[in-house]
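Here is the structure we will look at, set down as structure tokens.
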Amino acid sequence: MYEYFLGQVTDVTPGYVVIEVSGIGYKVLTANPYRYQVGRTDVKMYIHQAVSDNGMSLFGFFDADEKALFEKLLDVSGIGPKSALAILANNDHAGLIQAINQENATYLTSFPGVGKKTAQQIVLDLKGKLNDLNVDVTGQTALDVEAPAVDGALADALAALEALGYSKADVKKVTKKLETFSQTHASDTNALLSEGLRLLMKK
């Protein structure tokens, strides 16, 4: 099993990044690929390796606590890697833990793939068990990286939302607001993706 990779990010897509370690390029699924900058050579990415009937997949995280939170979510019946990744894509990990501790099932059902029954199971399995994790609202953006070219930033952000499991209909509902956001606040993919996640949590 891998603990982490230390290498160079060579490609960033809406659903994954490629990190090269000792001449080998690894495809790593991550909650927000646009945290990472192509060409950066000193990236430390914590890794969870998942093996299924369809093969092996690698999931990447900013730090050990984010990885631990992902693995805690995987322990919940009804939560698979894709759902866990979509939950982690929301910047507010502290808010997630608070929602679990306060048994706020409505908040949890805002994530793709999480219905009422699964939300209740998350609360049942994880309430009071995540307080030792060192997470805060900056965990997803702490790398402070440059985003891809502005021209395709909105399209990349929308594609990333769909890669996380949000439906085309839900993404379409927030597209106009994201267009406005890009004109008045920011136009890089990382900021647009974070804003899209915030809007989808409110729907």
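The values are calculated or read from the model by the stated rules, or taken from the named source; none is laboratory data. Computed from a predicted structure; not experimentally measured. Cβ atoms come from the backbone with ideal geometry, glycine included; neighbour counts cover every protein chain shown. Accessible surface is based on the protein model in full, side chains and every heavy atom, while ligands, DNA and RNA are left aside. Shrake-Rupley method; radii C 1.70, N 1.55, O 1.52, S 1.80 Å.
For segment 8-26, a residue qualifies if it is touching a residue at least 40 places away in the same chain (Cβ under 8 Å) and over 16 Å from the mean Cα position of the chain (by Cα), and exactly one does: Ile19.
Hey, any hits in segment 20-28 for a residue that's within 29 Å of Gln120 (Cβ to Cβ) and of a type in the set (Gly, Ala, Ser)? No.
Check segment 186-193 and report whether any residue there is farther than 28 Å from Ala105 by Cα and free of Cβ contacts under 8 Å to residues at least 24 places away in the same chain.
Of the residues in segment 186-193, the ones farther than 28 Å from Ala105 by Cα are 186-189.
From what's left, free of Cβ contacts under 8 Å to residues at least 24 places away in the same chain: 186.
Yes, segment 186-193 has at least one match.
Taking residues in segment 32-60 that are farther than 18 Å from Ser83 by Cβ, and partners anywhere that are β-branched (Val, Ile, Thr) and open to solvent by 40 Å² or more (accessible area, probe 1.4 Å), the pairs with Cβ atoms closer than 8 Å and at least 6 places apart or on different chains are Arg35/Thr141; Val38/Thr10; Gly39/Thr10.
If the condition is being open to solvent by 30 Å² or more (accessible area, probe 1.4 Å) and either at pLDDT below 90 or part of a loop (DSSP other than H, G, I, E, B) (or both), then segment 111-125 contributes Gly113, Gly115.
Number of residues in segment 49-63 that are hydrophobic (A, V, I, L, M, F, W, C), part of a strand (DSSP E or B) and either open to solvent by 50 Å² or more (accessible area, probe 1.4 Å) or modelled with pLDDT under 90 (or both) equals 2. Within segment 64-76, identify whether any single residue is in a loop (DSSP other than H, G, I, E, B) and either open to solvent by less than 20 Å² (accessible area, probe 1.4 Å) or at pLDDT 90 or above (or both), and answer yes or no. Looking for residues that are in a loop (DSSP other than H, G, I, E, B) and either open to solvent by less than 20 Å² (accessible area, probe 1.4 Å) or at pLDDT 90 or above (or both), one finds at least one in segment 64-76, hence yes. Cβ-Cβ under 8 Å, sequence separation 6+ or interchain: first residue in segment 144-166 and over 25 Å from Ser110 (Cβ atoms) and in a helix (DSSP H, G or I), partner open to solvent by 30 Å² or more (accessible area, probe 1.4 Å) and at pLDDT below 90. Which pairs? What qualifies is Val150/Ser187; Val150/Asp188.
Scanning segment 126-174 for residues that are open to solvent by 30 Å² or more (accessible area, probe 1.4 Å), hydroxyl-bearing (Ser, Thr, Tyr) and at pLDDT 85 or above yields a single hit, Ser167.
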